[in-house]
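First comes the structure, then the notes that go with it.
The values are calculated or read from the model by the stated rules, or taken from the named source; none is laboratory data. Keep in mind the model is a prediction, meaning the values are calculated, not measured. Cβ coordinates were reconstructed from backbone atoms using ideal geometry, including for glycine residues, and neighbour counts include every protein chain displayed.
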């Protein structure tokens, strides 16, 4: 490969179009057209239509779980979950997670209690939960991060011993396996995201999984389900329905799952091979799983070794049209609604603080091929080698 | 010869001669396909695909997509407001707008009881207590007076909901809100196309909320939107529907969630918006058929649209008068069995339902009375004038055989 001159230093951007992070797999136009034509012929647009029913049945089989309830997005799914589980008071969740995990609790009148995470896996640090428990804590929301898992078996026995409800935000974990068993049936329920950036896409969407028949009936009523079983009493309902258009996209995406997972795995390996020799860059491998969807490519940047800060590296990549992201940033505990809520929060979450300052998310998914991975890694390598030069550039121009 | 055989309906195509021919009593269904009260507007498929191509080319399926932006611009223009913010549903659009507009440290929201069955749940998600107001018996709508009766020192917000046919007292409620210093949010889900003397629905109060559910005038699969002239509110809602973010990594407003509309739903709504005038023309034709036919059915009164200004002619609501031979719920059951998916009009009213959250208990005699008397008849893109002719024949049959049907239904229940 011809050596690339960094765009920030006067070269041409490596990519003609901005390369996004996020999976963004989508069916071909022909498949899209055929699926939409089918909906137009049936003239059934929403309210638990035939495609949503089909999707729920196929997901039940794929995930080996008794009940799947499809929803319009995972955040509303998590809100429905807290509502159906009858949680109150406080719920413990990891602090290194997307803000929606905490917001779903706030919307149901529950105070989130943030627990720090393990520095190598980025998953919740179970050893730190006990110190956070008081008589107001009614549950734990586990979060399965980065195509890995938060040791659901250990969390199950931990929650059982303390008589706490346990459920999972598995937005990142569709198709992943723990001890060769699909993530979906751990705890009381699990919530997946089918947002376009996830391996299974419904453009927007998600689903709740449970083996508990009563909980499933409650969730269906809270979602509003039009004929899917007899409604059971709930405190309040919502609109969490998935449309036929969303279900059509998800069904095609489910067909493509094996192929897309393979492509992700191949790209992940390529990144791994290329990044392992760059000082100061640590690729985060999916933890605690026997099978991963590899839907995220996350690295930690050690500024002292790499020579440049994480934010400087992002600035260089953006100039090359690589939309690398700080993720999660600024961290839930520093976001609107939470940052002033608990005294001493930041001191209590040193690992999360450090990860929020050092993690970078790189492109993996539909828009990326092996050559783009090579190019991205070459840019990162060049950054490390030209750290001194770039540092003076940033000193002069800012990030 | 039994009485019922003598009373044959004198229309050749009508297939029911005897009371036992009714589907609820063992006969075959009058319609092979269900005839619902949903609009189910379907645009030209090519038009829908052409919109779809735009997001497809950009491989951008959600999050501030090209079509959501177009749709918001078009709808702001349609209603004549500065801003429109689209949501994944009217439900969450209402929740976020109520939460944004409610006066701080006040606990109650005034809303009608004779309305959408999830309206009190919507209030509960915002942790506001519903204070149910009475409606006017002539218009079925809340009025300045009925709202005023519910205002107290705890009132945080007025949610002014338009009834299914025609509008509530817009000017009266807006001026009341101004006088009492209480924000007014219109729920205009059933009034997308309506105009009143003061202007087009969409421009009134602090904001107005609409639905793009498939059953509504503007079908976007699922979806909703809010119109407003308040720049701060529009910015706030745009941020709240995306977790409170304003740009990358910048979460600035607490209380957000995901209420984004996706691009396929926006494509559907845009294509249907292009064809809205034709849908209204078709609705008018359907309404005229009902108008002409129902005149000849004793005991039923069609709720008429106010035609002095623009209206969508979408919903067909009838009152079952004192001389109608069956109870309203019996009538609905008889019709449903025939695949005529008539529905009770907002029944039971909200204040009569069990609520697991805080509310202000209410005694609403007018609402209770009205909630027993009205029903919706099939309408929308699926229903032809021919279908309407048949529905009217069916209603005539029910009316003329009412006593016998009632007896058979009672016998069946007893068994």
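Filter the stretch B:231-256 down to the residues that are assigned to a loop (DSSP other than H, G, I, E, B) and more than 25 Å from the chain's Cα centre (by Cα) and list them by number.
Keep residues of the stretch B:231-256 that are assigned to a loop (DSSP other than H, G, I, E, B), which gives B:241, B:243-244, B:246-250, B:252-256.
Correct list: B:243, B:244, B:246, B:247, B:248, B:249, B:250, B:252, B:253, B:254, B:255, B:256.
Looking only at the stretch B:150-163, which residues are in contact with a strand residue (DSSP E or B) (Cβ under 8 Å, 6 or more places away or on another chain), in a loop (DSSP other than H, G, I, E, B) and farther than 16 Å from residue B:202 by Cα? Steps first, please.
Here is the first cut: in the stretch B:150-163, the ones in contact with a strand residue (DSSP E or B) (Cβ under 8 Å, 6 or more places away or on another chain) are B:150-152, B:154-162.
Those left that are additionally in a loop (DSSP other than H, G, I, E, B): B:150-152, B:154, B:162.
Within the stretch B:150-163, B:150, B:151, B:152, B:154 qualify.
Please specify each residue of the stretch B:279-326 satisfying the condition of being farther than 26 Å from residue B:43 by Cβ and assigned to a helix (DSSP H, G or I).
Those that are farther than 26 Å from residue B:43 by Cβ and assigned to a helix (DSSP H, G or I): B:291, B:292, B:293, B:294.
Please determine, by comparing only the residues of the stretch B:344-355 that are within 13 Å of chain A (Cβ to nearest Cβ) and touching a residue at least 40 places away in the same chain (Cβ under 8 Å), which one is surrounded by the fewest Cβ atoms within 10 Å (Cβ to Cβ). Write out each step before concluding.
Residues of the stretch B:344-355 that are within 13 Å of chain A (Cβ to nearest Cβ), as a first pass: B:350, B:353-355.
Of the ones still in play, those that are also touching a residue at least 40 places away in the same chain (Cβ under 8 Å) are B:350, B:353, B:355.
On the way: B:350: 26, B:353: 12, B:355: 17.
Among those that are within 13 Å of chain A (Cβ to nearest Cβ) and touching a residue at least 40 places away in the same chain (Cβ under 8 Å), it is B:353.
Residue by residue through the stretch B:171-199, note down the ones that are out of contact with any helix residue (DSSP H, G or I) (no Cβ under 6 Å at 6 or more places or on another chain), surrounded by fewer than 23 Cβ atoms within 10 Å (Cβ to Cβ), part of a strand (DSSP E or B) and on the phi < 0 side of the Ramachandran plot.
Once the filter is applied, which keeps residues that are out of contact with any helix residue (DSSP H, G or I) (no Cβ under 6 Å at 6 or more places or on another chain), surrounded by fewer than 23 Cβ atoms within 10 Å (Cβ to Cβ), part of a strand (DSSP E or B) and on the phi < 0 side of the Ramachandran plot, the stretch B:171-199 yields only B:195.
Only one of (1) at pLDDT below 95; (2) farther than 25 Å from residue A:88 by Cα is not met by residue A:256, so which one is it?
(1)
Taking the stated definitions as given, is residue A:220 assigned to a helix (DSSP H, G or I), closer than 30 Å to residue B:124 by Cα and either in contact with a strand residue (DSSP E or B) (Cβ under 6 Å, 6 or more places away or on another chain) or touching a residue at least 12 places away in the same chain (Cβ under 8 Å) (or both)? Don't jump to the end; show me each part of the working.
Numbers: assigned to a helix (DSSP H, G or I): yes; closer than 30 Å to residue B:124 by Cα: yes; either in contact with a strand residue (DSSP E or B) (Cβ under 6 Å, 6 or more places away or on another chain) or touching a residue at least 12 places away in the same chain (Cβ under 8 Å) (or both): yes.
So residue A:220 passes the test.
Filter the stretch B:265-278 down to the residues that are away from chain A (no Cβ under 14 Å) and touching a residue at least 60 places away in the same chain (Cβ under 8 Å), then identify the one that is farthest from residue B:62 (Cα to Cα).
My answer is B:276.
For residue B:262, are the conditions met, namely being touching a residue at least 12 places away in the same chain (Cβ under 8 Å), within 10 Å of chain A (Cβ to nearest Cβ) and under 25 Å from the mean Cα position of the chain (by Cα)? Don't jump to the end; show me each part of the working.
Numbers: touching a residue at least 12 places away in the same chain (Cβ under 8 Å): yes; within 10 Å of chain A (Cβ to nearest Cβ): yes; under 25 Å from the mean Cα position of the chain (by Cα): yes.
Judged against the criteria, residue B:262 is a match.
Run residue A:398 past the list (1) surrounded by 15 or more Cβ atoms within 10 Å (Cβ to Cβ); (2) at positive phi and report the number of the one that doesn't hold.
The failed condition is (1).
Is there a residue being assigned to a loop (DSSP other than H, G, I, E, B), under 19 Å from the mean Cα position of the chain (by Cα) and under 25 Å from residue A:327 (Cβ atoms) anywhere in the stretch A:296-305?
Restricting attention to the stretch A:296-305, the residues satisfying the condition of being assigned to a loop (DSSP other than H, G, I, E, B) are A:296, A:302.
Checking which are under 19 Å from the mean Cα position of the chain (by Cα) leaves us with A:296.
Restricting the remaining residues to those that are under 25 Å from residue A:327 (Cβ atoms) gives A:296.
Yes, the stretch A:296-305 has at least one match.
Every residue, every condition in (1) touching a residue at least 12 places away in the same chain (Cβ under 8 Å); (2) part of a loop (DSSP other than H, G, I, E, B); (3) touching a strand residue (DSSP E or B) at 6+ places or on another chain (Cβ under 6 Å); (4) more than 14 Å from chain B (Cβ to nearest Cβ), yes or no:
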residue: A:75; (1), (2), (3), (4): yes, no, yes, no
residue: A:78; (1), (2), (3), (4): yes, no, yes, no
residue: A:88; (1), (2), (3), (4): yes, yes, yes, no
residue: A:91; (1), (2), (3), (4): yes, no, yes, yes
residue: A:102; (1), (2), (3), (4): yes, no, yes, no
residue: A:105; (1), (2), (3), (4): yes, no, yes, no
residue: A:119; (1), (2), (3), (4): yes, yes, no, yes
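Among the residues of the stretch A:244-269, write down those that are buried (at least 24 other Cβ atoms within 10 Å of the Cβ) and either within 8 Å of chain B (Cβ to nearest Cβ) or free of Cβ contacts under 8 Å to residues at least 60 places away in the same chain (or both).
A:244, A:245, A:246, A:249, listed by residue number.
Filter the stretch A:324-365 for residues that are out of contact with any helix residue (DSSP H, G or I) (no Cβ under 8 Å at 6 or more places or on another chain), under 24 Å from residue A:292 (Cβ atoms) and within 14 Å of another protein chain (Cβ to nearest Cβ) and give the result.
A:327, A:361 - these are the residues of the stretch A:324-365 that are out of contact with any helix residue (DSSP H, G or I) (no Cβ under 8 Å at 6 or more places or on another chain), under 24 Å from residue A:292 (Cβ atoms) and within 14 Å of another protein chain (Cβ to nearest Cβ).
Quick check on my filter: what residues within the stretch B:218-235 are more than 10 Å from chain A (Cβ to nearest Cβ) and touching a strand residue (DSSP E or B) at 6+ places or on another chain (Cβ under 9 Å)?
Answer for the stretch B:218-235, where residues must be more than 10 Å from chain A (Cβ to nearest Cβ) and touching a strand residue (DSSP E or B) at 6+ places or on another chain (Cβ under 9 Å): B:218, B:225, B:226, B:227, B:228, B:229, B:230, B:231, B:233, B:234, B:235.
Residue by residue through the stretch A:42-61, note down the ones that are at the interface with chain B (Cβ under 9 Å from one of its Cβ atoms) and touching a helix residue (DSSP H, G or I) at 6+ places or on another chain (Cβ under 8 Å). I'd like the intermediate steps shown before the answer.
Narrowing the stretch A:42-61 to residues at the interface with chain B (Cβ under 9 Å from one of its Cβ atoms): A:43-47.
Of everything in the stretch A:42-61, those that are at the interface with chain B (Cβ under 9 Å from one of its Cβ atoms) and touching a helix residue (DSSP H, G or I) at 6+ places or on another chain (Cβ under 8 Å) turn out to be A:44, A:45, A:46.
So residue B:47 fits all but one of (1) more than 10 Å from chain A (Cβ to nearest Cβ); (2) farther than 30 Å from residue B:412 by Cβ; (3) touching a strand residue (DSSP E or B) at 6+ places or on another chain (Cβ under 8 Å); what number is the exception?
Every condition holds for residue B:47 apart from (3).
Kindly check whether there is at least one residue in the stretch B:41-58 that is under 33 Å from the mean Cα position of the chain (by Cα), crowded, with 17+ Cβ neighbours inside 10 Å and at pLDDT below 90. Working first, answer last.
Just the residues of the stretch B:41-58 that are under 33 Å from the mean Cα position of the chain (by Cα), to begin with: B:41-56.
Subsequent filtering for residues that are crowded, with 17+ Cβ neighbours inside 10 Å retains B:41-43, B:48-49, B:51-52, B:54-56.
Still in the list and also at pLDDT below 90: none.
No, the conditions are met nowhere in the stretch B:41-58.
Going residue by residue through the stretch A:342-350, is there one that turns out to be within 30 Å of residue A:253 (Cβ to Cβ), more than 25 Å from the chain's Cα centre (by Cα), surrounded by fewer than 20 Cβ atoms within 10 Å (Cβ to Cβ) and free of Cβ contacts under 8 Å to residues at least 24 places away in the same chain?
No, every residue in the stretch A:342-350 fails to be within 30 Å of residue A:253 (Cβ to Cβ), more than 25 Å from the chain's Cα centre (by Cα), surrounded by fewer than 20 Cβ atoms within 10 Å (Cβ to Cβ) and free of Cβ contacts under 8 Å to residues at least 24 places away in the same chain.
Of all residues in the stretch A:199-217 being in a loop (DSSP other than H, G, I, E, B) and within 11 Å of chain B (Cβ to nearest Cβ), which is surrounded by the most Cβ atoms within 10 Å (Cβ to Cβ)?
Looking only at the stretch A:199-217, we keep the residues that are in a loop (DSSP other than H, G, I, E, B), and these are A:199-205, A:211-212.
Adding the requirement that they be within 11 Å of chain B (Cβ to nearest Cβ) leaves A:201-205.
Details: A:201: 31, A:202: 34, A:203: 27, A:204: 32, A:205: 32.
My answer is A:202.
Considering only residues that are buried (at least 16 other Cβ atoms within 10 Å of the Cβ) and facing chain B (nearest Cβ under 7 Å), which ones fall in the stretch A:230-243?
Result: A:236, A:237, A:238, A:239, A:241, A:243.
If residue A:227 satisfies all but one of (1) under 14 Å from residue A:56 (Cβ atoms); (2) surrounded by fewer than 24 Cβ atoms within 10 Å (Cβ to Cβ); (3) within 11 Å of another protein chain (Cβ to nearest Cβ), what's the number of the condition it fails?
All conditions are met except number (3).
Against the condition under 27 Å from residue A:165 (Cβ atoms) and within 10 Å of chain B (Cβ to nearest Cβ), how does residue A:24 come out, does it pass?
On the way: under 27 Å from residue A:165 (Cβ atoms): no; within 10 Å of chain B (Cβ to nearest Cβ): yes.
The answer is no for residue A:24.
So residue B:336 ticks every box in (1) outside any loop (DSSP other than H, G, I, E, B); (2) crowded, with 20+ Cβ neighbours inside 10 Å; (3) within 14 Å of chain A (Cβ to nearest Cβ) but one. Which box is left unticked?
(2)
Out of contact with any strand residue (DSSP E or B) (no Cβ under 8 Å at 6 or more places or on another chain) and either modelled with pLDDT under 95 or over 30 Å from residue B:319 (Cβ atoms) (or both) - does that describe any residue in the stretch B:79-93? Walk me through how you get there before you give the answer.
Within the stretch B:79-93, the subset out of contact with any strand residue (DSSP E or B) (no Cβ under 8 Å at 6 or more places or on another chain) is none.
There is no residue in the stretch B:79-93 that is out of contact with any strand residue (DSSP E or B) (no Cβ under 8 Å at 6 or more places or on another chain) and either modelled with pLDDT under 95 or over 30 Å from residue B:319 (Cβ atoms) (or both).
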